[in-house]
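Down below is the structure, laid out as structure tokens.
The values are calculated or read from the model by the stated rules, or taken from the named source; none is laboratory data. All figures in this text were calculated on a predicted structure; none of them were measured in a lab. So basically every Cβ, Gly included, is an ideal-geometry build from the backbone, and we count neighbours across all protein chains shown. The accessibility values were calculated without ligands, DNA or RNA, using every heavy atom of the protein model including side chains. Shrake-Rupley method; radii C 1.70, N 1.55, O 1.52, S 1.80 Å.
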Amino acid sequence: METTVAAQLAPFLDPLALTLVGGGTLLAMILRTPIRDFLRGIAALRVLPRRAFRADPGLAQIAALARIVRRHGAIALDKAVIADADIAAAAAAIVDGSGPDDIRALLGERAAERAERHRAAADLWTGAAEAAPAMGMIGTLVGLVKMFTTMNDPNAIGGAMAVALLTTLYGAVLASLVALPIANRLRRHARREMRERARLTTPLAELAAIEPPRRMMIRDVAA
């Protein structure tokens, strides 16, 4: 059975066609994208098999942090172990004396930066989906040129025609079944995370309001 399947797939496998389409698409991704965004786009693949981000564990931890602040003051947050980056940044700002408005601004800035990173990662794969069919057409032209230059050799015509046809096939498959699905899933993950993280903003601002911000207290004393 395995031999039969391999025999059936063999005509659709061509190293030159794969190199032209795969290598050309990769080169296009590198040339059209800043290296930092390129690396982020590749690294973003690891989030695809993960579960979508949920704010519920973060909300539970914020409630626990609120109890700590009521008992021991905001300074006690400095010793708390916090895994989520946004909650940790907000807690550190509260320890430094930030008020509710400062926390909202901080989280807004972090959300904007995260959205930009997510957009860049998705754009990388959207660009790959655009480049792959073009690389397929280039491969087709290469195959046709090779075919016309070997018209006197019947044994070479078949291989050149295979390259011409398979590069078009590879470009369409790479764009439609690989790059575009990745880009769409990354955007879906980003939208879900944005919605869920928005649920953390009000509780964290309320956490900052439990104890009067020390910056305000310092201004009052100076006045």
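Which value, in debye to the nearest 20, gives the size of the charge dipole of the chain about its Cα centre, when Lys and Arg are +1 and Asp and Glu are -1 at the Cβ? If you can, show how the numbers build up before the last one.
Details: 28 positive and 21 negative charges, 136 e Å.
Result for the chain is approximately 660 debye, rounded to the nearest 20.
So what J values fall out for the range 110-119 if you push phi through Karplus, 6.51 cos²θ - 1.76 cosθ + 1.60 with θ = phi - 60°, rounded to Hz, Gly and Pro as x?
5, 5, 5, 5, 5, 4, 5, 5, 5, 4
Between beta-carbons, use under 11 Å as the cut-off and find the net charge around residue 160, counting Lys and Arg +1, Asp and Glu -1.
Numbers: positive: 146; negative: 14, 153.
Result for the neighbourhood of residue 160: -1.
Would you mind working out the magnitude of the charge dipole of the range 99-218 relative to its Cα centre, with +1 at each Lys and Arg C-beta and -1 at each Asp and Glu C-beta, to the nearest 20 Debye? Present the calculation step by step, with values, prior to reporting the outcome.
On the way: 16 positive and 12 negative charges, 68 e Å.
My answer is approximately 320 debye.
Accessible area per residue for the chain in Å², computed with a 1.4 Å probe and the full protein assembly in place, what is it?
Details: 13410 Å² over 223 residues.
For the chain, the per-residue accessible area is 60 Å².
Between 61, 35, 166, whose Cα lies farthest towards the positive end of the dipole of the chain when Lys and Arg beta carbons carry +1 and Asp and Glu beta carbons carry -1, centred on the Cα centre?
61
What does the C-alpha gyration tensor say about the overall shape of the range 8-108? Classify as rounded when a/c is under 1.5, otherwise prolate if a/b is larger than b/c, or oblate.
On the way: a/c = 5.25, a/b = 2.84, b/c = 1.85.
Prolate.
Starting from the Cα gyration tensor of the range 140-189, take the square roots of the eigenvalues, sort them a ≥ b ≥ c, and report rounded, prolate or oblate (rounded when a/c is under 1.5, otherwise prolate if a/b is larger than b/c, else oblate). Don't jump to the answer; show the numbers that get you there.
On the way: a/c = 8.20, a/b = 4.73, b/c = 1.73.
Verdict is prolate for the range 140-189.
State whether the range 83-183 is rounded, prolate or oblate according to the following rule on the C-alpha gyration tensor (a ≥ b ≥ c being the square roots of its eigenvalues): a/c under 1.5 gives rounded; otherwise a/b larger than b/c gives prolate, and the remaining case gives oblate.
Details: a/c = 6.49, a/b = 5.86, b/c = 1.11.
Judged from the Cα gyration tensor, the range 83-183 comes out prolate (a/c at least 1.5, a/b above b/c).
Give the label of the value calculated from the structure for Kirkwood radius over Cα pairs in Å, choosing from [x] 17.6; [y] 21.5; [z] 18.6.
Evaluating Kirkwood radius over Cα pairs in Å on these atoms matches [y].
Determine the sum of side-chain charges near residue 68: Lys and Arg each +1, Asp and Glu each -1, restricted to other residues whose C-beta is under 15 angstrom from that of residue 68.
Net charge around residue 68: +1.
Expected output is a single nm value to one decimal: the length gained when fully extending between residue 30 and residue 52, i.e. 0.36 nm times separation in residues minus the C-alpha distance. What is it?
Details: separation 22, 0.36 × 22 = 7.92 nm, distance 2.83 nm.
Difference between extended and current length: 5.1 nm.
For every helix of n ≥ 4 consecutive DSSP H residues, a contribution of -39,500 (n - 2.57) applies; sum these over the chain, divide by its total residues, and give [θ] at 222 nm rounded to the nearest 500 deg cm²/dmol.
Details: 10 runs with 168 residues, N = 223.
It comes out at -25000 deg cm²/dmol, rounded to the nearest 500.
How do the peptides 185-191, 61-67 rank, highest first, by the average count of neighbouring beta carbon atoms within 10 Å per residue? Write down the numbers at each step before the final one.
Working: 185-191: 17.3, 61-67: 15.6.
Put in order of decreasing packing, that is 185-191, 61-67.
Work out from phi, with θ = phi - 60° and the Karplus expression 6.51 cos²θ - 1.76 cosθ + 1.60, the ³J(HN,Hα) of each residue of the range 64-80, listed in order in whole Hz, and give x for Gly and Pro.
With coefficients 6.51, -1.76 and 1.60, one gets 5, 5, 5, 5, 5, 5, 5, 8, 10, x, 5, 4, 5, 5, 4, 9, 6 Hz.
Apply the Karplus curve 6.51 cos²θ - 1.76 cosθ + 1.60, θ = phi - 60°, to the phi angles in the range 46-51 and return the couplings in whole Hz, x for Gly and Pro.
Per residue, the Karplus-derived 3J(HN,Hα) values read 6, 7, 4, x, 7, 5 Hz.
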